[in-house]
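The structure appears below as structure tokens.
The values are calculated or read from the model by the stated rules, or taken from the named source; none is laboratory data. No experiment lies behind these values; they were computed from the predicted model shown. Ideal geometry is used to build each Cβ from the backbone, glycine not excepted, and the neighbour counts take in all protein chains shown.
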Amino acid sequence: MGVALATEDGWAASDVGEWFALVSVGAWVEDSTVLGRVRQLREWVDVIAGPGPGKYVKGVLPNGVWVARGDQIVGLAETAGDFQSNGGEDSQESHSDRPAGVVEVGADTEGTIYLRADPASPPYVSAGDYVEPKATLALIEVMKTFTPVRAPQSAEIVKVLVTDGAAVECNQILFWIRPGK
């Protein structure tokens, strides 16, 4: 594991290799957040944020780019208003927008998310639905293999944060749920 190098307006690579981001624009980053990974030969090295106050991600180096020590990988902003989001429905919601008592459900892998079994079917869940533990909330497809996103506990679906068919990243927040029923 490598600790990213602090710069005036973000974080820089601490290792040489091929960069793969695990954070996206609008994400909240604080001490020990995994920003991404650098592939060095056959080994992956996690790049984590070092100590400091939490900030919002305003820019991320694209995946697959070769980085050297000191290359800027993540740009940070003081407030959510200091960056331009892509404006799409699949952009990450900031932590400050999350209602109290809500738990985040994230992606275990990167891939394409499907919120329904097929285009003619209704979504697995919608805001306001109540689900039981292990209920399927969505499917993530990677190379024709489908991995279910499951409810960790009984809960109400507060908000669906992605759109059907969108590309998602590992650890991206997909749903807000309120535990209990």
Flagged pairs (Cβ under 7 angstrom, 6 or more apart or on separate chains; first in segment 11-26, closer than 28 Å to Asp97 by Cβ; second part of a loop (DSSP other than H, G, I, E, B) and among the charged types (D, E, K, R)) are Leu22/Glu169; Ser24/Glu169
Residue pairs qualifying under the 9 Å Cβ cut-off, at least six apart or on distinct chains, with the first in segment 139-151 being assigned by TED's automatic domain parsing to the domain that holds Leu115 and the second being of a type in the set (Asp, Glu), are Ile140/Asp108; Ile140/Glu110; Val142/Glu110; Thr147/Asp108; Thr147/Glu141; Val149/Asp108; Ala151/Glu132
Subset of segment 83-136, residues modelled with pLDDT of 80 or more, under 21 Å from Val57 (Cβ atoms) and among the hydroxyl-bearing types (Ser, Thr, Tyr), comes to Thr109
Restricted to segment 128-181 and to residues being part of a loop (DSSP other than H, G, I, E, B) and among the β-branched types (Val, Ile, Thr), the residue nearest to Thr33 (Cα to Cα) is Val162
Considering segment 1-21, residues that are closer than 15 Å to Gly75 by Cβ and not small (Gly, Ala, Ser), and then whichever is surrounded by the most Cβ atoms within 10 Å (Cβ to Cβ), we arrive at Trp11
How many residues of segment 27-53 are farther than 16 Å from Val3 by Cβ and surrounded by 13 or more Cβ atoms within 10 Å (Cβ to Cβ)? The answer is 3
